[in-house]
Amino acid sequence: MLVGTSLCLAALFASPSAAAQGDDEWKFQAVIYLYLPSVDGETTFSGSGGGDSAGVDASKLLENLHLAFMGSFEANKGAWGLFTDVIYVDFGDSESPSRDFTLGGGALPAAVNASLRYDLNGWLWTLAGSWRAASTANNELNLIGGARMIDIDQTIAWQLSGNVGSVALADRAGDRTAGVNNWDAIVGLKGRALLGNEQHWFLPYYVDIGTGESSLTWQAMFGVGYAFDWGSVTAAWRHIDYDMKSGKSIESLSFDGPGVAVAFRW
């Protein structure tokens, strides 16, 4: 469906001379982002040492972003191009008392609370090629195809308090670790719409969808930017979403939030 949509959009924006607008010189762009996402997702940490599995909802616990980095590099020659995009995130938070926690697939007993420590960190890496399907005075549309890797680790530690008599001794305190390392093929489109006569202002967009080791992953970015002779500054909103295949300890995961980017062209 996405490929068909992309071809329709390409036909809509294309002009007869679009294919002749290529440039034989290499052009490069490097981008550094300040990205401030929130995280959402569900994880089931497998039991060990006789203990039950533990489960958490990341959106209820991971509110403190310790570190995030996002950068990209792009090279283009004529209508063809290559780009790579790297994101690193490190979240962590503590909550006490808390009931945002399950043991053995069920909620805590009514008179039991938990002191929790939850951490998530890892990388997302996209590597893809692009082809300029359409180019007019005010619009540029590129079809993309490539792969994205997610390498995420999560850890949780807890201590139960209250009326813990109904909880097995092995489950009253503990820690668990869960992770995922998936590669997925992606297809999508990216481009920009130029505004005004001088075309300093522009609206960038990006969307992809894919699958492979994950059941489904998709990403979308929309923003507004201002171009200078040396590059551009952009403010955007970016969402990255994963649904994992059955049996994975991390069932779903998403990152969503604003970012500011500075791009340098040469």
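The values are calculated or read from the model by the stated rules, or taken from the named source; none is laboratory data. Source: prediction; values computed, not measured. All Cβ positions, glycine included, derive from the backbone under ideal geometry; neighbour counts span all protein chains shown.
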When (1) under 17 Å from Asn76 (Cβ atoms); (2) within 19 Å of the chain's Cα centre (by Cα) are applied to Arg132, the one that fails is (2)
When you scan the stretch 181-203, do you find a residue that is under 17 Å from Leu120 (Cβ atoms) and either at pLDDT 95 or above or not small (Gly, Ala, Ser) (or both), even just one?
yes
Counted residues in the stretch 136-156 being at pLDDT below 90 and either within 26 Å of Ile87 (Cα to Cα) or crowded, with 17+ Cβ neighbours inside 10 Å (or both) come to 3
Might you let me know whether the stretch 87-96 holds any residue that is modelled with pLDDT of 90 or more, hydrophobic (A, V, I, L, M, F, W, C) and surrounded by 15 or more Cβ atoms within 10 Å (Cβ to Cβ)?
yes
Return the residues of the stretch 133-161 that are closer than 21 Å to Glu42 by Cα and touching an Asp or Glu at 6+ places or on another chain (Cβ under 9 Å); say none if nothing qualifies.
Arg148, Met149, Ile150, Asp153, Gln154, Thr155, Ile156, Ala157, Trp158, Leu160
Evaluation of Gly165 against (1) at pLDDT 80 or above; (2) within 23 Å of Ala110 (Cβ to Cβ); (3) not in a strand (DSSP E or B) (one fails), failing number
(1)
Looking only at the stretch 196-220, count how many residues are on the phi < 0 side of the Ramachandran plot, surrounded by fewer than 15 Cβ atoms within 10 Å (Cβ to Cβ) and free of Cβ contacts under 8 Å to residues at least 24 places away in the same chain.
2
If you take the residues of the stretch 223-236 that are farther than 22 Å from Leu65 by Cα and surrounded by fewer than 16 Cβ atoms within 10 Å (Cβ to Cβ), which of them is farthest from the chain's Cα centre (by Cα)?
Asp229
Just the residues that are under 29 Å from Asn121 (Cβ atoms) and outside any strand (DSSP E or B), please, taken from the stretch 168-180.
Ala170, Asp171, Arg172
Which condition number does Phe202 fail, the rest of (1) within 22 Å of Asp119 (Cα to Cα); (2) more than 22 Å from the chain's Cα centre (by Cα) being met?
(1)
Counting only residues that are surrounded by fewer than 20 Cβ atoms within 10 Å (Cβ to Cβ) and in a strand (DSSP E or B), the stretch 237-266 contains a total of 15
Within the stretch 219-231, does at least one residue satisfy the condition of being more than 22 Å from Ala30 (Cβ to Cβ) and either out of contact with any Gly (no Cβ under 7 Å at 6 or more places or on another chain) or of a type in the set (D, E, K, R) (or both)?
yes
Given the criteria at pLDDT below 75, under 17 Å from the mean Cα position of the chain (by Cα) and surrounded by 15 or more Cβ atoms within 10 Å (Cβ to Cβ), does Leu62 qualify?
yes
